[in-house]
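Notes to accompany the following structure.
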Amino acid sequence: MKLLALADIHGHTKHIPLLANVAKDCDAIVLAGDMTDFGGASQARSVLSALNAFGKPVLGVPGNCDSPQVESVLNQQGGGLVQNPIEMNGVVFVGFSYAASTEPVLPNEPILQQKPMVLVTHQPAWGTAVDLQASTRHKGSRSVRSFIEDHQPILAVSGHIHEARGTDQIGSTVLVNPGPFRNGCYSVIDINDNTAQAKLCSL
């Protein structure tokens, strides 16, 4: 399975068509929050419309710059992961919102434990290379880290800390912060045999 991972789009849609050649080789597009820049349903639909043009499933969670309407739009289009795990090619995609990152609780956890998992959050795991603000201060979520330590998903995709673009690992879980797409940053991730390999890319 190949994923196109985006975070922190912040309503910047004009560069999305430039991803067409990348998206055509991917099985799904994963959004790690902040699709909008404090925009509502209209801005969310604009972003999703641009991504839906690629004809791939779009799965994601809202971020701190997304209103509750953004989550509603994601759910209406069938890609919202908050409290709604989605299985694809034998892998379960799960997520929770920025607001819920302090105490993540996912439904059907016994079922989730039986499947390879991809976790999508806006906040990165605390104490990692992907949550460093100004290269010196960890600003991620301790609860996200605990969830990863407890469940060991194959992959955890996050955003939020723009300058912490990069990869890291907690146990067997590969962490990816693709960087802000509003600056042209994204990641392509291959999942094979329950392992993930991520490539950081720029337009």
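The values are calculated or read from the model by the stated rules, or taken from the named source; none is laboratory data. Note that this is a predicted model, so its numbers are computed, not measured. Note: ideal-geometry Cβ built from the backbone for every residue, glycine included; neighbour counts use all protein chains shown.
A few points about this structure:
- Single condition ASN52 does not satisfy, out of (1) at pLDDT 90 or above; (2) over 23 Å from ASP190 (Cα atoms): (2)
- Residue tally, condition within 18 Å of ALA7 (Cα to Cα), surrounded by 19 or more Cβ atoms within 10 Å (Cβ to Cβ) and either touching a helix residue (DSSP H, G or I) at 6+ places or on another chain (Cβ under 6 Å) or not β-branched (Val, Ile, Thr) (or both), over the stretch 126-143: 5
- Of all residues in the stretch 155-172, those satisfying the criterion of being surrounded by 21 or more Cβ atoms within 10 Å (Cβ to Cβ) and of a type outside the set (Lys, Arg) are LEU155, ALA156, VAL157, SER158, GLY159, HIS160, ILE161, ALA164.
- 1 or more residues within 22 Å of CYS65 (Cβ to Cβ), under 13 Å from the mean Cα position of the chain (by Cα) and not aromatic (Phe, Trp, Tyr): qualifying strands (runs of 3 or more DSSP E) within the stretch 115-203: 117-121, 155-157, 173-177, 185-192
- Listed conditions (1) farther than 24 Å from HIS151 by Cα; (2) without any contact (Cβ under 8 Å) to a residue 60 or more places away in the chain; (3) in a loop (DSSP other than H, G, I, E, B) are all met by VAL70, apart from (3).
- Those residues of the stretch 25-51 which are touching a strand residue (DSSP E or B) at 6+ places or on another chain (Cβ under 9 Å) and crowded, with 21+ Cβ neighbours inside 10 Å, in sequence order: ALA28, ILE29, VAL30, LEU31, ALA32, GLY33, ASP34, MET35, VAL47, LEU48, LEU51
- Pair list, Cβ < 8 Å and 6+ apart or interchain, from the stretch 127-146 residues that are within 21 Å of GLY171 (Cβ to Cβ) and in contact (Cβ under 8 Å) with a residue 24 or more places away in the chain to residues that are acidic (Asp, Glu) and in a loop (DSSP other than H, G, I, E, B): SER143/GLU103
- Among the conditions (1) over 11 Å from the mean Cα position of the chain (by Cα); (2) modelled with pLDDT of 95 or more; (3) not β-branched (Val, Ile, Thr), LEU31 misses just one, which is (1).
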